[in-house]
Structure formats: structure tokens, C-alpha cells
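To start, the structure under review is shown below, and the notes come after it.
Where a number appears in this text, it was derived from the coordinates with a stated rule and is not lab data. What you are looking at is a predicted structure, and each value in this text was computed from that prediction instead of being measured. In this analysis, Cβ positions are derived from the backbone assuming ideal geometry, glycine residues included, and neighbour counts consider all displayed protein chains.
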Amino acid sequence: MPIVQLPDGKELTYKNSVTGLEIAKDISISLSKKALALQIDGEYKDLDTEIVKDSKIKIITLEDEYALELLRHDAAHVCAMAVQELFPGTQVTIGPVIENGFYYDFAREEPFTDNDLIKIEKKMIEIVDRNDKTTREVWDRKKAINHFKNMGEHYKAEIIDSIPGNEDISIYFHGSWHDLCRGPHLPSIGRIGKSFKLMKVAGAYWRGDSNNIMLQRIYGTCWKTKKDLDEYLHNLEEAEKRDHRKLGKTMDLFHFQEESPGAVFWHQKGWALFQTLVDFMRQKQLEAGYQEVNTPEIIDRVLWEKSGHWEKFQEYMYTTSTPDERTFAIKPMNCPGHCQIYNQGLKSYKDLPLKLSEFGKVHRYEPSGSLHGLMRVRSFTQDDAHIFCTEDQITEESVKVTKLILDIYKAFGFENITLKYADRPAKRVGDDSVWDQSEKALLEAIKASKVDYTINKGEGAFYGPKIEFVLRDAIGRDWQCGTLQVDLNLPGRLDATYVDKDGKKKTPVMLHRALFGSLERFTGILIEHYAGKLPLWLSPVQVAILPINDEHHDYAKEILNQLEKISIRPMIDLRNEKINYKIREHSVGKIPILMICGSKEVQNKTITLRRLGQEAQQTESLEKIISSLSKESQAPKI
RNA sequence: GCCCCCUUAGCUCAUUUGGUAGAGCAAUUGAUUUGUAAUCAAUAGGUGAUCUGUUCGAAUCAGAUAGGGGGCACCA
């Protein structure tokens, strides 16, 4: 006699076991038509799941957020069905739901072409129209493995083999097609509707391991309505316009060229932006008690061997040998250098925490496939620092770093910053007891910072656990920017010591931290974040002075002069062009403020101001504008 | 590094099956002296990424190399 409780608290009593669909019918015919799945005691199940005992249930319809996941999961199945109908012999592997859609990985000798994608999409629509009913069966493990092996589905057989013994092997049927799957699924496949689209084909390693074979991954997007799909596609198009590589070119900020892959040629305007960021950080770090230093670009490999970098990263380091037959590495990191500075002279516990910072340009021979505009380069500038401290100081210093990073990010208006806590990786240096200690300390620090975070298992640095501060680019890709790492290994390896209260020499802890991380990457993120419309203080050209005709040139030059005196970055457009033309060109060029001067302005000693993205004009006295701009162009206070 | 795709004028892009390349913007020159998102005209601009092959003939077909794009893997 199961009693089922509905979300509104109402209870229904049944004599025998009952399915979700039957309950939905009892509530209302319209609900039964909309019903997609079932939530039983918080767990999502198929709509035809038999309920045998008292439980809290909820009928899932398109209105529930979870419906989107169901739709996308089913869409992945439909994609696999379509592929197998069109390309017999293709093996299926996995097809999970991801943000905005799904993907499915296939094993097939021949590559899928863009044309195939169109065919597959058409076939998917056919399958949706067929609207096969979905049924679920639980199979014996051995039977399932043999069954899929006999079908030639070796990857599926392998997956079943790796499912923990206490879990059911559930097989879902959509008509005659079937797949191993955890479920739940829609009652029939046609319920996914037609608001989906296959987006791209890509390679992906079987089980995410680069030692394995490469599969072909088909990415798709799927939505509840056509309107949602169109909106998603439209937003994607808009986001692509914000691509920093595109804006970098049109805004004349930087370029790349094939003679130096992954290295930035900064143009004057891009460099001005870069330098503004450096100035900003320098100021913030001085306020936070850091001492800025500078260390050599090229250091003997002996030091890198000592630090452990050589063993782990040798193939990703640029090296150079000199006529005296020494091998040097071009620094990929600043930490060993900072340790050398720390090691000069005896340090006392009273010196700690000692914070050394550097805008250090580092070089890493990153895999060619990983290069990506400014986001991933082979030569970049870190706003790096190392805090030498005692174990007791780890938490306090870490909390300070976390706050500093978050405050700085907020100054740029970043809303969704993701924090990830990454613990010990497989390949690492140091004893596990030391790792236990440093992981505990960092976890304590992140908890004390009272911020949300996720766990990134096994993704720490080789010398210690880390917190990653992750920002998103225009099209939703995540990039690690800031980082904080607790290191109980390198100071010992690099002979750093301090004299403690008891007169004994001890090894300090080193906190590695970067705020922006890579200045190059952060600049890229910023360009996309602002869609190129940089705030006044960051804009390489802050003001364009546009005289109406050549009678106004002298006055325009006078304005230029006055702006330069208060360290505004102005430009003047003396070309013989119409004012409309000049306004358009400098608006497209994303200059925040246009100053128009004609006869009226010359006569009254005023300026007419027009701001980027606005049509409104504002006429003020030259004096007043100068003083207000001087304030407005300051870096934000944090 | 791996899979797939791309590379044509300074920029954005055409040239449908092989018959030696076009447009818009930008540039240059001239005219125009202009009041809030493109004034008009003329001129110039290309070893079609690079190399090698197939062919009577290659931007177009094949191969290699380089760079780039989308993913995967990597990311001190």
C-alpha cells in the first residue's frame, strides 16, 4: 500500500504498486500528457518506474529545470542512433550531457565530415518523428558484456566491465536500438522535440587518456524550444564578435606571426593597456606589503634540477647552451630565482612573512595544440610573488591573498569567478606527510576566506596543492588566472632557511601566488569581458579631439595640450573629413570620449563631449571638463 | 603532441565542375571646409601561406611543411 506524497503535501494512497504515469493521470490528464520523468525521494527516475513503497514524488515536466538535462541526454542517444543507422559499424562509447547540450564519442575509422553532420542531423529529425517508445531492462553483467561484444561494441563492453559490482546494468531500448545507460530517459524519444543542432566534430581520447586511441566526438546543442535554440545561437554569434583575437586586430593592440608562435607582438596601444595593468598591480602590491624584485631570465640547469622543474618539465623548457658548454634554461618560473634572493643573508623569524614580487617574463614551450591567442602563449608575464612564511602564518597569509585577488577582480567587474581547490597530483615531489600538512593548511585557508569553491582532484602543482581562480572568456571557456599554492617542498630543496625564536634554523613555507596570473591572458579576458569597450582608465586612447574644420585646429591643439598635462591619453583628428565620418570612425575604434570642437566651442571656450555608445552631447567649459576627467580617469580604488 | 577544418590585396570576403583572380573598406591623388556613426571621383594594390608533384594548363587535384581555428591531451 504505497502512499505517495506530492510536492504540495497532498498524499495519494494506492493498493498496489503504481507508476509515475499512473499517478500523473490521477492528478490530471493534462499533467499526464506533459509528464516526462519522475523524481522519487529526490532521485530522478523514468516515468514508468514502479513505486512500491511510501515515497515523496514529483512529476517532472518541461517546466522543471531538470527537463533540459533529460532532453539533452535523449538527444545524445538520438545522435548515436542516427550515426549507427547512417554509418553501420561505428561503435558507440559515451554521450553525456554538458553545458548547453551534449556530445557523443564514436569509434570509426573514417572521419565524419561537416557534410555528414548535416546528414546525421536530418536522420535525427526522422528518428524524432518516429517517436520510438523507451523501455528499460536490467541485464546480467556477463550477458551484457557478451551481448555487446557480439555486436562489435567493444567500448560498451569495456564500460560495463568497469561499472562497480553493486550497480545495476541497465539497458535502454528506443525501438530496436539499445544502449547501456544509467538513465533516466523520456517516455518516448520524440519528446525531445526538434530544437537541437549538431555543432561540430572534434577528436577526443578514449577515457581522456592521450595514450589511448582518438575517438570522434560530435557536439550538439539542445533546448526546450526553438526560441531558446535561436537565442543560444544568436548569443554565440554575438560572443564571437567579442573574441580578443579579432578585437586585438581591429583595435590595433597586438599581433602574432608565424616566426614566433605563441609570442605576442604588442603594438603601442596594446602595450599601453598592458602597462596600465602593470602600474595598477604594482600599486596594489606595494600597498599589500610586497617588495618588488627582478631575477635573471636565463639560469643554469643545475638550479632547475635542484628545484625539480627539470625532471618534470624539461621537455617544455627552452634551453640555450653557451660557448663555455653550460646549459641554461630560459626561466619558465620565477620561484627558484626568488629563493636565491631570499637566501642572501640570514633571515630571522622576524623577517617573516617576506613577500617578494616580480613582473617576470617566463617562457614555456607549450604544446602547439594548446596555443590560443593571448590566453595560452609560450612567452608571458606573470604578476608573480612568493611569500616566505612560517607554518603558523599560512592561513592568515592565504586569506589575505584570496581577498586581494577577489577584490582586484571585482574592480574589473567580474561577477562569476570560480575557485577550484586542487590537491596532490600523481607526479609530485615530497613526502605524503608533508602533502597532508599543506593540503590541510590550504583547505583551512579557503574555508576561512568564506568563498565557494569546487574540488579539482589531483590537479595540484608538483610541489604543493593550489587554489585556482578561474575566469570565463566570451564563449564560456574557463581559464585559470590567479593562483595560490602552498609549498612545503621547494624551500627545502632550494636551501631556504630562517632562524627561529629558539635560535634553530628552520625551513620556511613558500606561498606561490599570482593575481592576474598571466598578464597576457588577463588582458585577453579583459578585452572579451568589455567587448573591447575598455573603461576610461584602461583605454589606450582615452579621448579623441575632433575639430569641425581647419579653423578650429588651434583650439583643438590647445585642448590636446591641456589633456596631456593631466596625463590623459588623447589623440587629435585633423583630417579634412566630415564630423560624421570622424565620429563613426572613432566610435568603431572604441575610444571612450569624443571631444567635438567647432566655432561655438572656440567662441565660448567650451568642449562638446560625446561618450562611446551614447548619442547624448554634453557641453561644458574646458576647465570643468579637465578637472572632471582627471578624476574619472583614475584607476579604481579597492 | 593527437583528430578534423582553414590559409586569396593592409582588412573583410567572392571567384560552383582545373582554362593564369574580383568586390567593399582601408591606402594614394584630386575635388570638397563640413556640427554628432561612412562626401565624391580617379589611381595603385596579388608568385592565391610555402615547397613538391599530377596535368598541355593548378587558387582549384595530390603530398609535405609552416601558421591559424574548433576540440582532446597538457598547463610548473
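Could you give the nm distance between label points at A:THR19 and A:GLU287, where each point is 7 Å from its Cα heading toward the beta carbon?
Once both label points are built, they end up 6.5 nm from each other.
For segment A:262-346, what are the per-bin percents of Cα-Cα distances with bins 10 Å wide, up to the bin holding the maximum?
Bin by bin from 0 Å, the calculated values are 14, 32, 32, 21, 1.
Round to the nearest 10 and give me the degree value, 0 to 90, for the angle of helix A:114-130's Cα axis relative to the longest principal axis of chain A.
40 degrees
At 25 °C and 0.890 mPa s, what whole-number value in µm²/s does Stokes-Einstein give for the translational diffusion of segment A:595-638, with Rh from the Kirkwood sum over Cα pairs?
Details: Rh = 11.5 Å.
Approximately 213 µm²/s, per Stokes-Einstein.
I'd like to know which of A:GLY589, A:TRP479, A:LEU303 lies farthest towards the positive end of the charge dipole of chain A, counting +1 on Cβ of Lys and Arg and -1 on Cβ of Asp and Glu.
Positive-end residue among those listed: A:GLY589.
Residue by residue through segment A:305-313, which ³J(HN,Hα) values in whole Hz follow from phi under the Karplus form 6.51 cos²θ - 1.76 cosθ + 1.60 (θ = phi - 60°), with glycine and proline marked x?
The phi angles translate into 5, 5, 6, x, 5, 4, 5, 7, 10 Hz.
For A:ASP54, list long-range residues whose amide hydrogen, built 1.01 Å from N in the peptide plane, is under 5 Å from its own amide hydrogen.
Amide H neighbours of A:ASP54: A:ILE3.
Please pull out the direction-averaged projected area of segment A:2-99, using the convex hull of its alpha-carbon atoms, in nm² to one decimal place.
Average of the hull's projected areas for segment A:2-99 equals 7.9 nm².
Using only the alpha-carbon atoms of segment A:499-546, report the extent along each of the three principal axes, biggest first, to the nearest angstrom.
Cα extents, longest axis first: 70, 21, 12 Å.
What FRET efficiency do you get for A:SER599 and A:LYS565 if R0 is 25 Å and r is their Cβ-Cβ distance, rounded to the nearest 0.05?
On the way: r = 25 Å, r/R0 = 1.00.
That pair, A:SER599 with A:LYS565, gives E of 0.50.
Taking N as the number of residues in segment A:134-265, what value does Rg over Cα atoms divided by 2.2 N^0.38 Å take?
1.56
Report relative contact order for segment A:275-406 in percent, whole number only (criteria: Cα-Cα under 8 Å, sequence separation at least 6). Numbers along the way, then the final one.
Working: 151 pairs, mean separation 32.7, N = 132.
For segment A:275-406, the relative contact order is 25 percent.
Packing-wise, with mean Cβ within 10 Å as the measure, how do A:431-440, A:37-46, A:448-457 rank, highest first?
Going by the mean number of other Cβ atoms within 10 Å, highest first, we get A:37-46, A:431-440, A:448-457.
How large is the dipole of chain A about the Cα centre if only Lys and Arg carry +1 and Asp and Glu carry -1, each at its Cβ, rounded to the nearest 20 debye?
Charge dipole of chain A: 740 debye, to the nearest 20.
With a Förster radius of 56 Å, plug the Cβ-Cβ distance of A:ILE298 and A:GLU65 into 1/(1 + (r/R0)^6) and report the FRET value to the nearest 0.05. Write down the numbers at each step before the final one.
Working: r = 55 Å, r/R0 = 0.98.
Once rounded, the FRET efficiency stands at 0.55.
Work the Kirkwood hydrodynamic radius out for chain A: mean of 1/r over every pair of different alpha-carbon atoms, inverted, in Å. Display every interim value, and only then the final one.
Working: mean 1/r = 0.0340 Å⁻¹.
Kirkwood radius, chain A: 29.4 Å.
Okay, which of segment A:54-97 sit inside 11 Å, backbone N to the point 7 Å along the Cα-Cβ direction of A:SER162?
A:94
Step through the residues of segment A:412-424 one at a time and calculate ³J(HN,Hα) from phi using the Karplus curve (6.51 cos²θ - 1.76 cosθ + 1.60, θ = phi - 60°), rounding each to whole Hz and writing x for Gly and Pro.
9, x, 6, 9, 9, 9, 9, 9, 10, 9, 10, 9, 4
Consider all pairwise Cα distances in segment A:370-520 and report the whole-number % of them above 29 Å.
18 percent
Along each of the three principal axes of the Cα atoms of segment A:470-574, give the extent in whole Å, ordering the values from largest to smallest.
Its Cα atoms span 78, 39, 18 Å along the three principal axes.
Quick one: 3J(HN,Hα) in Hz for segment A:235-245, Karplus 6.51/-1.76/1.60 with θ = phi - 60°, rounded, Gly and Pro as x.
4, 5, 4, 4, 5, 5, 5, 8, 3, 5, 5
Across segment A:406-458, how large is the tail of the calculated P(r) beyond 12 Å, expressed as a percent of all Cα pairs?
Of all Cα-Cα distances in segment A:406-458, 71 percent exceed 12 Å.
Calculate the radius of gyration of the Cα atoms of segment A:325-400 to one decimal place, then report Dmax, the largest Cα-Cα distance, as a whole number, both in Å.
16.1, 47
Can you tell me, using C-alpha contacts under 8 Å and at least 6 residues apart, the relative contact order of chain A as a whole percent?
Result for chain A is 9 percent.
Can you show me the helix-derived [θ] at 222 nm for chain A, built from DSSP H runs with n ≥ 4 at -39,500 (n - 2.57) apiece and divided by the number of residues, rounded to the nearest 500.
Per the formula, -10500 deg cm²/dmol.
For segment A:322-458, what does the equivalent ellipsoid look like in terms of its semi-axes, each the square root of 5 times an eigenvalue of the Cα gyration tensor, given largest first in whole Å?
Those come to 27, 23, 18 Å.
Under a plain spin-label model, where a point goes 7 Å from the Cα along Cα-to-Cβ, how far apart in nm are A:TYR581 and A:THR320?
My value for the distance between the label points is 4.8 nm.
Which semi-axis lengths, in whole Å and largest first, follow from the square roots of five times the eigenvalues of the Cα gyration tensor of segment A:42-113? Please report the intermediate quantities before stating the final value.
Numbers: eigenvalues 204, 39, 17 Å².
Sorted largest first and rounded, they come to 32, 14, 9 Å.
Divide the volume of the convex hull of the Cα atoms of segment A:213-330 by its number of residues and quote the answer in cubic angstrom per residue.
Dividing the Cα hull volume of segment A:213-330 by its residues yields 280 Å³.
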